[in-house]
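**Student:** Sending over a structure as structure tokens; questions will come in a sec.
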Amino acid sequence: MAEGLFITFEGGEGSGKSTQLKLFAEYLKQTGYDVIITREPGGTDVGKEIRRLLVEGNKDKFDEITEALLFYADRRINLTKVVWPALAEGKIVLSDRFNDSTLAYQYYGSGKFSDTRIMDTLYQVIAGDFKPDLTFLLDIDVKTGLSRSFKKAEEMANKELRFEQASLDFHERLRNGYLTMAKADPNRFRVINANQDISTVSQNLIATWNNFEKENRK
């Protein structure tokens with residue numbers, strides 16, 4: 001492969017994107033691709049410290065601007081230390097969340113910003129015109145997703161529940177925000193129905209990838 005490819009996985013809480021990313025990575029490796037996995041926040045050592053600040057504790061501990069700045073600081077570190085070097089080596093980079101998450105959560109979900117100018121400016125500063133080549137949006141019914149997320153957290157004694165604590169209205173706005181972004185950028189987004197079982201979702205995702213590869217990676 002002459003050049004790398006940046007693929008992001010997006011979705012609300014409990015959508016299964018982390019599980020599907022791992023399954024997809026295994027599929028790509030089996031078909032001969034060199035794959036790197038990262039996540040936001042937390043794709044680097046410094047990022048792990050930022051992640052702990054962002055996803056643990058009370059949902060109201062940061063104001064919206066502080067929260068956004070932390071996400072973009074983590075993103076800049078991840079891009080410079082992980083993503084861009086791997087792409088330069090011709091690898092496929094799979095990221096569990098990227099900038100669409102910030103827009104979905106901090107803009108659409110919170111409803112505290114009147115527009116996206118602050119986030120657009122921050123993104124331009126840290127990433128310029130760089131964007132994912134492909135984004136899988138795992139779309140799930142909000143109540144189903146939250147039920148899955150809380151159940152998993154209980155089973156694993158997971159403390160990363162800060163965003164799950166937000167209101168149902170927050171999560172509905174978040175989901176609608178994702179779908180709005182996907183509709184606005186159909187060349188990049190592929191919406192996957194995540195209400196189904198793991199195997200079915202994985203098969204649909206791989207089929208979608210195969211179509212994308214035929215169309216774009218000739």
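The values are calculated or read from the model by the stated rules, or taken from the named source; none is laboratory data. Quick caveat: nothing in here was measured; it's all calculated off a predicted structure. Using ideal geometry, Cβ is built from the backbone for each residue, glycine included, and neighbour counts are taken over all protein chains shown.
**Student:** When Phe113 is evaluated against the numbered criteria (1) over 18 Å from the mean Cα position of the chain (by Cα); (2) in contact (Cβ under 8 Å) with a residue 12 or more places away in the chain; (3) assigned to a helix (DSSP H, G or I), which criterion, by number, is the only one it fails?
**Tutor:** Against the list (1) over 18 Å from the mean Cα position of the chain (by Cα); (2) in contact (Cβ under 8 Å) with a residue 12 or more places away in the chain; (3) assigned to a helix (DSSP H, G or I), Phe113 comes up short only on (3).
Condition check ((1) among the β-branched types (Val, Ile, Thr); (2) touching a Lys or Arg at 6+ places or on another chain (Cβ under 7 Å); (3) part of a helix (DSSP H, G or I)) across all residues:
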{"position": "Thr19", "(1), (2), (3)": "yes, no, yes"}
{"position": "Leu23", "(1), (2), (3)": "no, no, yes"}
{"position": "Lys61", "(1), (2), (3)": "no, no, no"}
{"position": "Tyr72", "(1), (2), (3)": "no, no, yes"}
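**Student:** Looking only at helices (runs of 4 or more DSSP H) that fall completely inside the range 138-218, which ones have 2 or more residues that are at pLDDT 95 or above and more than 20 Å from Asp96 (Cβ to Cβ)? Walk me through how you get there before you give the answer.
**Tutor:** On the way: elements: 142-156, 168-184, 198-216.
Once the helices (runs of 4 or more DSSP H) in the range 138-218 are filtered for at least 2 residues that are at pLDDT 95 or above and more than 20 Å from Asp96 (Cβ to Cβ), what remains is 168-184, 198-216.
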